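Chemist: Starting off with a structure, shown below.
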């Protein structure tokens, strides 16, 4: 099964909570990229369990824009997502819904103005790449990287959050270089497509009948 992006939404705000209206389809993957100071708590109307994939505060100083990437595989359908933080903060959150995802392959993060974070990928994977940095009036918004499709960007105060994706055609590594206006963080997460294996026939090996398998999907 080919992974597809079936929906996305962006919201920004200030405070200890950010309520994001979004209606999802049961069984899909939900991912949220959040530009915010420290680790927060995501909850939703279906009571799904959210997992922290990447936290850029573990590799950057407080002068660099911090962000987190959370996900929920095989999520029950929601109508909204709430992000809760211990102290009032500026938030920029981008929620992405993907169908056809079996699991999280892995991810990576890096800091700098154009230093790519790369992760191992397999043909059929979908990769999401985010960037977080401190944007001032004098710095331009980061353009989407060449060869990647933009999902959205957002700014709240000095918080910049950008998100793009790439469908993987061959095994290797993946990760773009975002041209950030100031020192910031880059993230990449790779997602594995669902594959259905069916038995279609049998073949004689000379000593036994062996089922022939066909994988339907990516």
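Just so you know, all these numbers are worked out from the coordinates, no wet-lab data involved. This is a predicted model, so every value here is computed, not measured. Because the Cβ atoms are built from the backbone with ideal geometry, glycine has one as well, and the counts that use them run over all protein chains shown.
Chemist: Evaluate the distance, in nm, between pseudo-label points positioned 7 Å from the Cα of residue 4 and of residue 183 along their respective Cα→Cβ axes.
Modeler: 4.4
Chemist: Now for a different question. Estimate the FRET efficiency between residue 52 and residue 210 by the formula 1/(1 + (r/R0)^6), using the beta-carbon distance for r and 35 Å for R0, to the nearest 0.05.
Modeler: On the way: r = 44 Å, r/R0 = 1.24.
My answer for the efficiency is 0.20.
Chemist: Sticking with this one: Please express the shape of the range 1-43 as an equivalent ellipsoid: the semi-axes are the square roots of 5 times the eigenvalues of the C-alpha gyration tensor, given largest first in whole angstrom. Write out the running numbers ahead of the final one.
Modeler: Details: eigenvalues 114, 26, 20 Å².
They are 24, 11, 10 Å, listed largest first.
Chemist: Could you calculate the contour length gain from residue 14 to residue 170, that is, 0.36 nm times the residue separation minus the distance between their Cα atoms, to one decimal place in nm?
Modeler: Working: separation 156, 0.36 × 156 = 56.16 nm, distance 4.13 nm.
Using 0.36 nm per residue and subtracting the Cα-Cα distance, I get 52.0 nm.
Chemist: For Cα Rg over 2.2 N^0.38 Å, which listed value, (i) 1.45; (ii) 0.99; (iii) 1.13, comes from the coordinates shown?
Modeler: (iii)
Chemist: Also, quick follow-up: What shape does the range 8-91 have by the C-alpha gyration tensor, where a ≥ b ≥ c are the square roots of the eigenvalues, rounded means a/c under 1.5, and otherwise prolate means a/b greater than b/c and oblate the rest?
Modeler: On the way: a/c = 2.31, a/b = 1.61, b/c = 1.44.
The shape class here is prolate.
Chemist: Top mean-square fluctuation among 14, 132, 144, Gaussian network model of the chain, C-alpha springs under 10 Å?
Modeler: Result for the chain, Cα springs under 10 Å: 14 fluctuates most.
Chemist: While we're here: May I ask you to sort 78, 59 by Cβ crowding, counting other Cβ atoms within 10 Å and putting the fewest first?
Modeler: Starting with the residue having the fewest Cβ neighbours, the order is 59, 78.
Chemist: Starting from the Cα of residue 195, step 7 Å toward the Cβ, then list every residue of the range 87-127 with an amide N under 16 Å from that point.
Modeler: What the label zone holds, given the 16 Å backbone N cut-off, is 100-106, 121-126.
Chemist: Let me ask another. Report the Cα centroid-to-centroid distance between the range 128-174 and the range 2-51 in angstrom, as an integer.
Modeler: One Cα centre to the other: 17 Å.
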